[in-house]
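Asker: The structure under discussion is supplied below as structure tokens; questions concerning it will follow.
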Amino acid sequence: MSEFDNSTFRRNAQSTRERIIRAAAAHFARKPLSSVPLKEIATDAGVSAPLIIKYFGSKEGLLTELIDFSHFEGKIGQAPFEELGTIMASTILLGQGLQGQSLVPLIVASLDSKSISAVVAQRFDEAVAADLIERIHKDAPGEVSRTVARHRAQMAVSLCVGYIVLSASNLINNDEGETLSVEMLANSLQHIIEHS
């Protein structure tokens, strides 16, 4: 195979992967994992279901690919300490996942899978916890040990995950009750980070 043919193959494989991801994101934004037949995603992507399995291993693997917290990268380390709660809250509630869509519907899609829910929690923890622990240790009022900083960070991350689940629950139930606001979450997070 010539070099041209090899690069064309890689380009086509990447294009196919992107079509699958776009189709999956559209389906998972509307329905939970268990309600989305792999065949529907395959049809919309213009591929076969076995090809999706080849690329992602399973429907769960495909949904896991869509859960992305990279929009947190650098924000915790660079933001002024007194704005960390606001940065985290706005990123969680307004941040975008892959394909330019909110992560909340994708989290909703994952709620019926314990393994995907665990991956979501782990990825969120990995994206946020280390930077947050460091910031609390160095910048919180008073002298804060790494152990206390870790506990505050764990509480803040737990609150964020809980808020995502609550947002997802309201979305599922079409709850018209109190809107989950960035300000409400921001204030709670900032209090935990500074004083807990």
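The values are calculated or read from the model by the stated rules, or taken from the named source; none is laboratory data. In this text the structure is predicted, and so the values were computed from the model without any measurement. Cβ atoms come from the backbone with ideal geometry, glycine included; neighbour counts cover every protein chain shown. Note: accessible area is taken over every heavy atom of the protein model, side chains too, but ligands, DNA and RNA are not part of it. Shrake-Rupley method; radii C 1.70, N 1.55, O 1.52, S 1.80 Å.
Asker: Please verify whether Ala130 is surrounded by fewer than 17 Cβ atoms within 10 Å (Cβ to Cβ) and modelled with pLDDT under 95, treating the condition exactly as stated.
Answerer: The answer is yes for Ala130.
Asker: To continue, here is another question. I need every pair where a residue in the stretch 145-164 that is closer than 14 Å to Gln190 by Cα has its Cβ under 8 Å from the Cβ of a residue that is of a type in the set (Asp, Glu) and part of a helix (DSSP H, G or I), sequence separation at least 6 or different chains.
Answerer: Going by the 8 Å Cβ cut-off, the qualifying pairs are Ala149/Glu134; Val157/Asp125.
Asker: Hey, any hits in the stretch 26-42 for a residue that's within 18 Å of Ser117 (Cβ to Cβ), surrounded by 13 or more Cβ atoms within 10 Å (Cβ to Cβ), among the hydrophobic types (A, V, I, L, M, F, W, C) and modelled with pLDDT of 90 or more?
Answerer: Yes: one or more hits.
Asker: Scanning the stretch 114-125 for residues that are in contact (Cβ under 8 Å) with a residue 40 or more places away in the chain and open to solvent by 10 Å² or more (accessible area, probe 1.4 Å), which turns out nearest to Ala156 (Cα to Cα)?
Answerer: Looking at residues that are in contact (Cβ under 8 Å) with a residue 40 or more places away in the chain and open to solvent by 10 Å² or more (accessible area, probe 1.4 Å), I get Ala121.
Asker: When you scan the stretch 150-158, do you find a residue that is modelled with pLDDT under 80 and either open to solvent by less than 60 Å² (accessible area, probe 1.4 Å) or under 15 Å from Ala25 (Cα atoms) (or both), even just one?
Answerer: no
Asker: Pull up the stretch 43-69, narrow it to residues that are open to solvent by less than 50 Å² (accessible area, probe 1.4 Å) and of a type in the set (Ser, Thr, Tyr), then point me to the one that is farthest from Lys138 (Cα to Cα).
Answerer: So, considering only residues that are open to solvent by less than 50 Å² (accessible area, probe 1.4 Å) and of a type in the set (Ser, Thr, Tyr), the one farthest from Lys138 (Cα to Cα) is Ser58.
Asker: Asp139 is checked against (1) modelled with pLDDT of 80 or more; (2) crowded, with 16+ Cβ neighbours inside 10 Å and fails just one. What number does that condition carry?
Answerer: Going through (1) modelled with pLDDT of 80 or more; (2) crowded, with 16+ Cβ neighbours inside 10 Å one by one, Asp139 breaks only (2).
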